[in-house]
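Q: The following block contains the structure, expressed as structure tokens.
Values quoted throughout were computed directly from the atomic coordinates according to the rules given, and no laboratory measurement underlies them. These numbers come from a predicted model, not from an experiment. Virtual Cβ from ideal backbone geometry, glycine too; neighbours counted across all protein chains shown.
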Amino acid sequence: MSVAGIVSRVLDFYALLILAYVVISWFRPSGFLYDVFHVIGTVVEPYISLFRRFMPSTGAVDFSPLVAILVLQYLIRPLLMLVLTRV
């Protein structure tokens, strides 16, 4: 597998972590699920919080994870693939 393929899979996994973080946050996690939620949060929250700073508050719905995934998939991924294919 090439480096570009590995990077692509890592970005896919990170997007899935963001999605899992959002889905778990809809419930009140307790016990083991809270531990999973906390670990995932320590990985994805720094990236998501970048978008929370610039997005207006919409009340109960937080669109920053959606924007974070879109930026990851449509901006960061193509730039990384471009750089990795040129090397």
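Q: Placing unit charges on C-beta atoms (Lys and Arg positive, Asp and Glu negative, everything else neutral), compute the dipole magnitude of the chain about its Cα centre in debye, rounded to 20.
A: Dipole size: approximately 220 debye.
Q: Give me the percent relative contact order of the chain, please, defined on Cα pairs under 8 angstrom at least 6 residues apart.
A: Computed value for the chain: 41 percent relative contact order.
Q: Report the residue, chosen from 14, 74, 47, that carries the largest GNM mean-square fluctuation when the chain is represented by alpha-carbon nodes joined by springs under 10 Å.
A: 74
Q: Gaussian network model of the chain, Cα springs within a sub-10 Å range: biggest mean-square fluctuation belongs to which of 68, 60, 20?
A: Looking only at 68, 60, 20, the largest GNM fluctuation is found for 60.
Q: For labels at residue 26 and residue 77 in the simple 7 Å Cα→Cβ model, what's the distance in nm?
A: 2.2 nm
Q: Using +1 at the Cβ of each Lys and Arg and -1 at the Cβ of each Asp and Glu in the chain, identify which of 84, 44, 61 lies farthest towards the dipole's positive end.
A: Comparing the listed Cα positions along the dipole, 84 ranks first.
Q: Here's something else I'd like to know. Within the chain, which whole H helices from DSSP have a Cα span along their axis of at least 15 Å and a mean Kyte-Doolittle hydropathy of 0.5 or more, if any?
A: The qualifying helices are 3-25, 32-52.
Q: Divide, for the stretch 3-86, the radius of gyration over alpha carbons by 2.2 N^0.38 Å, where N is the residue count.
A: The reported ratio for this selection is 1.21.
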